[in-house]
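Structure record follows, encoded as structure tokens.
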Amino acid sequence: SGSSPAVPPGAAALAPLGGCVVAVAATALVAGRRTARQPCPLQRRRTMVSAGPTVVEAPTQTAAAGAAADEAAAWARFAAWLTARGGDVSAVTFGRPNGMRGLVATRNIKEGESIIEVPLGAAVEVADDASQRDPSLAALTLLRLYREESSENAPYFDLIPGMGSAEMATMPDFFSEEELAILQHPCAEKAQRRQQLCRDRATEHGLKVEDVTWALCTVAQRSFTVLSPIDGVLRLLLPGIDMLNHDADSLHNFKVRWNLHGVFEGTFKVVAGSSVKKGEEVRICYGGSPHRPDGCDGDCKGDVAWTNDQYLQRYGFVDTSIGSTMVDGKFLNSDRGAPVREALAQTSPEEDEVLLKDSSLSVGARTAVSFRLHLKRALAAQKLAQKHLDQTGDGDLGELKEAKPHILPEGVKEQLRRAGVAYNGGAEASSEGRGGGTDGLRDLLLSSQQ
């Protein structure tokens, strides 16, 4: 929901839907042609289900092994489908590292190597320049493509969480009114507007509200805004790239090349910004680096860091990395953050911690409490860090110059420790990607004493 920032003329753009557009150089390829799309029969009939996200019990060992085999087979079909269209995912494979859907390296990957390549001919267009302002139009397009019984995109659609998936339960669009109120944040109002939009479109087109909501969330989580030199602004699903989970400190880069000679074509890549060992998960940053000199300050434009209300709204998770935490803190301590501070003050961190111990909490309620607790911790950590910097004369925390992962002045690190924040040096500073939120705070362990 909301328009994307303007893109500099003559540049190509690649960014998650609704977020900051990352401008990269548009380079013409000397060779390369669009691969014709070939129909691929569905492995199973695609049906529309009326229920929202369903929380299921943990599978037995036998069931888990069977599910893993099914996922491996689905990945093999997808890889063959993408390869036939000129793509390349040979460096990664589907897996569940740390229990989450994601992609892991099948071999050692050197810095500068391509991790994934997706040609324009394999992309799924859900919106063009004329329909960018209304996110529900892209959702309706996805629904039409998804429910086709003879879809050329079936191998791709078989890999993404379907309707009724429990992996959608952390998206605020599926929250009840009570769960939205628990957020204690203005983003709840945005979620309410999207919910109303889904109800309106469902009524207009004779669809189930849950189906439209699923499609809207899927587009939000998985689509990219791309500036084509021929077609203008497009909203695309990039199969394979959209399966990478998030890490705010990832150094891997998006790149796009356009072939303007002969048949028009484009290639979207994720290029390794650091080496990756075989078996390691590959992650990308959905927003911008939280370590940029300009920071965010709640006014993100271009490739700059996101605050956690943005991550929650678009992907359904809370990013607890140290960099994103300080971005949250910087905004919350600003004048623009005053309404959020006032809303958060309705409950204390101690009350939130007690609530999270209640096993009867719904997924939505647990996600909401975890979100607001994280913001309170970020607020406290930022105040203490700023106080320490002011006392020592080390300068403004927002003036960090190193755009590298986990680069913080030693004084700030020490002050964060004093505030009760565990600085892990990045080992666990990552958040589950696309539609799978977290219940806890991996690398922020604030003591109960504020």
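So here's what we get for this one:
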{"read-out": "For GLY266, residues with placed amide H under 5 Å, excluding near neighbours", "value": "LEU120, GLY121, ASN259"}
{"read-out": "Mean separation of Cα contacts under 8 Å (6+ apart) over length of the range 137-227, as relative contact order %", "value": "38"}
{"read-out": "Under-5 Å amide H pairs with ASN108, H placed in peptide plane, nonlocal only", "value": "LYS278"}
{"read-out": "Alpha-carbon centroid distance for the pair the range 199-261 / the range 343-364, whole angstrom", "value": "33"}
{"read-out": "Label point distance in nm, ARG199-ALA338, each placed 7 Å from Cα along Cα→Cβ", "value": "3.3"}
{"read-out": "Relative packing of peptides 306-313, 331-338 - highest average C-beta neighbours within 10 Å first", "value": "306-313, 331-338"}
{"read-out": "Cβ-placed point charges (K, R +1; D, E -1), dipole of the range 141-294 about Cα centre in debye, nearest 20", "value": "520"}
{"read-out": "Ranked packing of 103-110, 151-158, 273-280, most packed first, by mean Cβ within 10 Å", "value": "151-158, 103-110, 273-280"}
{"read-out": "Accessible surface of the range 98-172, 1.4 Å probe, proportion on carbon and sulfur as whole %", "value": "42"}
{"read-out": "Portion, in percent, of the accessible area of the range 223-288 that falls on carbon or sulfur, probe 1.4 Å", "value": "50"}
{"read-out": "Karplus 3J(HN,Hα) series, Hz, for the range 162-172 with 6.51 cos²θ - 1.76 cosθ + 1.60 (x for Gly, Pro)", "value": "x, 5, x, 5, 5, 6, 8, 5, 8, 7, x"}
{"read-out": "Solvent-accessible area per residue, Å², over the range 179-272 with all protein chains present [probe radius 1.4 Å]", "value": "34"}
{"read-out": "Accessible area per residue, Å², the range 81-138 with all protein chains present, probe 1.4 Å", "value": "41"}
{"read-out": "Pairwise FRET efficiency - ALA345 versus ALA80, Cβ, R0 = 51 Å, nearest 0.05", "value": "0.40"}
{"read-out": "Inter-label distance, nm, simple model (7 Å from Cα along the C-beta direction), SER90/ASN108", "value": "1.8"}
{"read-out": "Carbon + sulfur, % of accessible area of the range 300-382 - ligands and nucleic acids excluded, 1.4 Å", "value": "52"}
{"read-out": "Projected label distance in nm at ALA67 and LEU260, using a 7 Å step from Cα toward the beta-carbon", "value": "4.8"}
{"read-out": "GLU189-ALA166 FRET efficiency (beta carbon distance; Förster radius 25 Å; 0.05 resolution)", "value": "0.45"}
{"read-out": "Relative contact order [Cα under 8 Å, 6+ residues apart], the range 155-281, whole percent", "value": "14"}
{"read-out": "Nearest-0.05 FRET efficiency for GLU178 and SER274, computed from C-beta distance (R0 45 Å)", "value": "0.55"}
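The values are calculated or read from the model by the stated rules, or taken from the named source; none is laboratory data. Treat the numbers as computed from the prediction; the structure is a model and nothing was measured. FYI the Cβ positions are ideal-geometry reconstructions off the backbone, even for glycines, and counts take in every protein chain you see. Ligands, DNA and RNA are excluded from the accessible area calculation, which covers all protein heavy atoms including side chains. Shrake-Rupley method; radii C 1.70, N 1.55, O 1.52, S 1.80 Å.
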